[in-house]
Amino acid sequence: MDSIYWVISRHCNQRCPHCYNDSAPGAPGLVPEQASRCIANLPDADDVAVDRIIISGGEVLAWPDLLFHALAGLYDRYRDRTKLMVQTNGDLLDAVVLDRLLAHHVCRIDVSSMDRYHPRTTLDRREHLTRLLESRGMVEAGSIARTAGREIEAGRRLTYAFWGATEDLWIGALWPRGRARRLGLTKARPEDDFCARWSGAKHFLDYRGEGCEVNVQLADVYPCCPMTCRPIGDLLTEPLIAMLDRCAEHPVYRALNEGRPEKMGEYLGISESEGIRRTRELGNQCLWCDEFFTRHAAGLLHQSGVTARGDVDLAPLR
């Protein structure tokens with residue numbers, strides 16, 4: 001398994017207009033005991049190798065007790081077999097926090113706020129943060145988390161990167177999720193093909209191969225970072241590998257695993273050409289995925305939350 005991207009809290013010190021998961025001050029997060037239960041349901045390191053786990057938010061440094069509890073639990077489970085990485089907007093990163101992150105075995109820090117949606121005060125910290133990170137022997141890395149494994153294997157033991165939602169990145173058009181959709185900021189089109197890109201659903205089932213990433217929002221598990229309209233399962237109550245094995249038995253999830261959401265309805269008699277037509281009419285793949293699950297196959301997804309499509313459907317904490 002290449003990557004587990006885990007949003008442990010949506011609580012954030014900012015309320016950015018493009019946020020795909022509606023992070024904001026006071027938004028929900030796990031409590032430490034729930035984080036521990038989620039970690040217990042992650043893959044067994046002796047069975048499935050996990051290359052890296054990326055902890056994100058929200059703003060993870062806004063709730064440091066939760067962050068460091070999760071990091072300690074992950075290291076106890078995986079030791080040095082799995083790289084631990086953190087994404088932050090950088091506002092709360094200082095020397096004391098950085099040293100604590102490194103002491104908790106974090107090998108890469110991504111400052112993911114370098115775009116026009118974040119405030120100028122955040123952008124203006126880049127030079128200061130660069131000096132701080134490099135003072136600890138960290139080396140600048142590539143801008144996309146998928147490259148992190150190769151960079152570290154090449155000998156860059158501690159790395160950092162600055163990036164954001166800019167036009168030259170895979171998320172430049174913005175996912176049609178959260179505030180980005182409600183405020184009309186997303187420019188996603190059918191040709192953006194989010195499903196087959198990194199952070200899309202392609203290869204999410206292939207946990208013994210290459211290209212597998214799953215997205216965990218609090219305890220809810222999704223095949224992609226843009227997220228299906230409801231999760232495929234609940235990490236508080238079911239092991240991650242059991243969820244993926246269950247999904248692998250169904251043609252809908254096998255189509256997503258190919259990065260071909262237009263094919264999801266074939267087992268119901270909805271042709272791929274009809275899926276392509278609806279994708280074009282609705283505007284992008286994600287909206288077709290929403291329509292497919294809510295109109296044709298609602299029973300396939302985890303039903304613990306109440307969906308209000310147009311919003312990310314994050315199930316209430318249990």
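The values are calculated or read from the model by the stated rules, or taken from the named source; none is laboratory data. None of the values given here were measured: they were computed from a predicted structure. Note: ideal-geometry Cβ built from the backbone for every residue, glycine included; neighbour counts use all protein chains shown.
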Exercise. Filtering segment 191-225 down to residues that are of a type outside the set (D, E, K, R) and more than 16 Å from Glu258 (Cα to Cα), which residue is farthest from the chain's Cα centre (by Cα)?
Worked result: Ala219
Exercise. Do you know which residues across segment 88-99 are among the small types (Gly, Ala, Ser) and outside any helix (DSSP H, G or I)?
Worked result: Gly90
Exercise. Is segment 156-166 home to any residue that is at pLDDT below 95, over 25 Å from Cys16 (Cα atoms) and of a type in the set (Lys, Arg)?
Worked result: yes
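Looking for whichever is more than 29 Å from Ala219 (Cβ to Cβ) and buried (at least 22 other Cβ atoms within 10 Å of the Cβ) here; the options are Glu281, Glu266, Glu262. Which one fits?
On the way: Glu281 fails: buried (at least 22 other Cβ atoms within 10 Å of the Cβ); Glu266 fails: buried (at least 22 other Cβ atoms within 10 Å of the Cβ).
Sole residue among the options that is more than 29 Å from Ala219 (Cβ to Cβ) and buried (at least 22 other Cβ atoms within 10 Å of the Cβ): Glu262.
Going by the conditions given, is Leu102 touching a Gly at 6+ places or on another chain (Cβ under 7 Å), outside any strand (DSSP E or B) and not charged (D, E, K, R)? Give the derivation first.
Numbers: touching a Gly at 6+ places or on another chain (Cβ under 7 Å): no; outside any strand (DSSP E or B): yes; not charged (D, E, K, R): yes.
No.
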For this session: Within segment 49-63, identify whether any single residue is farther than 25 Å from Glu127 by Cβ, assigned to a helix (DSSP H, G or I) and among the small types (Gly, Ala, Ser), and answer yes or no.
Result: no
Exercise. If Cys247 satisfies every condition in (1) part of a loop (DSSP other than H, G, I, E, B); (2) at pLDDT 95 or above; (3) of a type outside the set (Asp, Glu) but one, which is the exception?
Worked result: (1)
Exercise. So which residues in segment 129-141 are farther than 8 Å from Tyr160 by Cα and touching a strand residue (DSSP E or B) at 6+ places or on another chain (Cβ under 7 Å), if there are any at all?
Worked result: Leu129
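Go over the candidates Ile109, Ile171 one by one and state the one that is under 18 Å from the mean Cα position of the chain (by Cα) and modelled with pLDDT of 95 or more.
Working: Ile171 fails: modelled with pLDDT of 95 or more.
Residue meeting the stated conditions: Ile109.
Among the residues of segment 45-54 satisfying the criterion of being in contact (Cβ under 8 Å) with a residue 40 or more places away in the chain and surrounded by fewer than 23 Cβ atoms within 10 Å (Cβ to Cβ), which is nearest to the chain's Cα centre (by Cα)?
Residues of segment 45-54 in contact (Cβ under 8 Å) with a residue 40 or more places away in the chain: 47-54.
This time we only want the ones that are surrounded by fewer than 23 Cβ atoms within 10 Å (Cβ to Cβ), so: 47-52, 54.
Details: Asp47: 23, Val48: 20, Ala49: 19, Val50: 15, Asp51: 15, Arg52: 12, Ile54: 8 Å.
This residue is Ile54.
For Cys38, indicate whether it is touching a residue at least 40 places away in the same chain (Cβ under 8 Å), out of contact with any helix residue (DSSP H, G or I) (no Cβ under 7 Å at 6 or more places or on another chain) and part of a helix (DSSP H, G or I).
Details: touching a residue at least 40 places away in the same chain (Cβ under 8 Å): yes; out of contact with any helix residue (DSSP H, G or I) (no Cβ under 7 Å at 6 or more places or on another chain): yes; part of a helix (DSSP H, G or I): yes.
Here the answer is yes, as Cys38 does meet what is asked.
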Exercise. Within segment 277-289, is there a residue that is without any contact (Cβ under 8 Å) to a residue 24 or more places away in the chain, over 18 Å from Trp175 (Cα atoms) and part of a helix (DSSP H, G or I)?
Worked result: yes
Exercise. Which condition number does Asp22 fail, the rest of (1) closer than 24 Å to Lys83 by Cβ; (2) under 15 Å from the mean Cα position of the chain (by Cα); (3) in contact (Cβ under 8 Å) with a residue 60 or more places away in the chain being met?
Worked result: (1)
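Please find, among Met1, Met85, the residue that is under 20 Å from Tyr160 (Cβ atoms), aliphatic (A, V, I, L, M) and either part of a loop (DSSP other than H, G, I, E, B) or under 16 Å from the mean Cα position of the chain (by Cα) (or both). Can you show your working first?
Details: Met1 fails: under 20 Å from Tyr160 (Cβ atoms).
The match here is Met85.
Have a look at Ser273, Ser304 and point out the one that is in a loop (DSSP other than H, G, I, E, B) and either modelled with pLDDT of 90 or more or within 30 Å of Leu66 (Cα to Cα) (or both). Can you show your working first?
Numbers: Ser273 fails: in a loop (DSSP other than H, G, I, E, B).
Sole residue among the options that is in a loop (DSSP other than H, G, I, E, B) and either modelled with pLDDT of 90 or more or within 30 Å of Leu66 (Cα to Cα) (or both): Ser304.
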Exercise. All but one of (1) touching a strand residue (DSSP E or B) at 6+ places or on another chain (Cβ under 9 Å); (2) more than 23 Å from Cys38 (Cβ to Cβ); (3) of a type outside the set (S, T, N, Q) hold for Leu123; which doesn't?
Worked result: (1)
